[in-house]
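Undergrad: Dropping the structure in here first, questions after.
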Amino acid sequence: MTVIVLCFFVKYRETPIIKANNRTLSYLILLALMMSFLCSFLFIGEPLPTTCFFRQPAFGIIFVICVSCVLAKTIIVVIAFNATKPNSNIRRWLSLWVPLITVSVCTVLQVVICATWLMLCPPFPVKEMKLKTGTIIFHCNECSETAFWCMMGYMGFLACVSFTVAFFARKLPDSFNEAKWITLSMLIFLSVWVSFFPGYLNTQGKYMVAVEVFGIIASSAGLLICIFVPKFYILFLKPEMNTKEHLLEGSSRRKREAKF
């Protein structure tokens with residue numbers, strides 16, 4: 001599904017609705033979502049040294065790329081609105097460098113956390129015989145619970161920042177304002193991972209893995225549906241809205257309403 005969405009976005013890349021919402025970030029989010037869906041396979045099957053070593057850092061870094069791209073999209077919406085005001089000096093920030101720097105800085109911090117974890121105490125497969133009487137649980141030992149929760153905490157912090165910025169930008173006057181859909185996607189994302197914690201802490205073995213895989217797939221699907229389905233709706237069911245004239249007319253009307 002993510003590949004199909006990406007193909008359509010590339011095919012219709014010159015249409016106003018695709019161009020209005022930063023195509024580069026949209027492509028990057030879709031590529032990161034593809035990787036997030038695929039990284040769930042690292043959690044399935046017999047624990048191996050390689051999969052145990054890579055699965056949590058891969059999950060953490062990929063999701064931070066997704067969330068930082070969403071944050072960058074929201075920041076661009078806010079900058080674009082303020083740039084239209086008379087005598088505004090913020091127009092110079094409407095460049096490709098702002099989202100790239102945002103995504104790069106946010107991702108590098110997560111890479112540092114994960115690299116430190118892997119260097120100091122890398123995860124490894126272990127056969128646990130003390131968790132459940134009469135049962136050997138073959139699973140990945142994360143080695144450092146502190147590093148794991150630091151990785152998750154940083155991801156949650158970025159999601160909260162993205163949600164907050166999008167929430168305050170959701171009513172800005174723009175025909176193709178993504179902020180309200182980003183707010184909904186971040187609300188779903190946070191809801192999934194808040195419910196993940198009690199389930200993860202109260203399960204063992206394969207059930208613990210199943211809870212995390214569900215969290216990965218559900219939150220990725222929430223981002224994919226909330227951010228990209230509204231564009232498909234306009235692209236295929238409301239093509240009359242996918243014009244430059246509608247974009248300019250809608251922006252002018254909403255600015256007047258906001259001023260009023």
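Read-outs: derived from the displayed coordinates by stated rules, not from any lab. Note that this is a predicted model, so its numbers are computed, not measured. In this analysis, Cβ positions are derived from the backbone assuming ideal geometry, glycine residues included, and neighbour counts consider all displayed protein chains.
Undergrad: Taking amide H positions as placed in the peptide plane 1.01 Å from N, state which residues far from N141 in sequence (5 or more) or on other chains have amide H under 5 Å from it.
TA: For N141, the qualifying residues are F124, V126.
Undergrad: Still on this structure, I have one more. If you filter segment 1-56 for trypsin sites (Lys or Arg not before Pro), then keep DSSP loop positions with at most 14 other Cβ within 10 Å, what is left?
TA: R13
Undergrad: Using 7 Å Cα-to-Cβ label points, what is the V105/E145 separation (nm, one decimal)?
TA: Computed distance between label sites V105 and E145 equals 3.4 nm.
Undergrad: Given R₀ = 22 Å, what would the calculated FRET efficiency be for V126 paired with F214, taking r from the Cβ atoms and rounding to 0.05?
TA: Step by step, r from the Cβ atoms, then E = 0.45.
Undergrad: What list of ³J(HN,Hα) values in whole Hz, one per residue of segment 64-70 in order, does the Karplus curve 6.51 cos²θ - 1.76 cosθ + 1.60 (θ = phi - 60°) give from phi, with Gly and Pro shown as x?
TA: Calculated HN-Hα couplings, in order: 5, 4, 4, 5, 5, 5, 5 Hz.
Undergrad: Check each of the trypsin sites (Lys or Arg not before Pro) in segment 164-225 and keep only those in coil by DSSP with at most 15 other C-beta atoms within 10 angstrom; list them in order.
TA: Sites meeting the loop and neighbour criteria: K171.
Undergrad: Follow-up. Taking the simple approach of a point 7 Å from Cα along Cα-to-Cβ for both I44 and L237, what is their distance in nm?
TA: 3.0
Undergrad: Could you tell me the relative contact order of segment 145-240? Use alpha-carbon pairs under 8 Å, at least six residues apart, and round to a whole percent.
TA: 24
Undergrad: Please work out how much length the chain gains when fully extended from V3 to T133, using 0.36 nm per residue of separation minus the C-alpha to C-alpha distance, in nm with one decimal.
TA: Extra length available between V3 and T133 comes to 42.3 nm.
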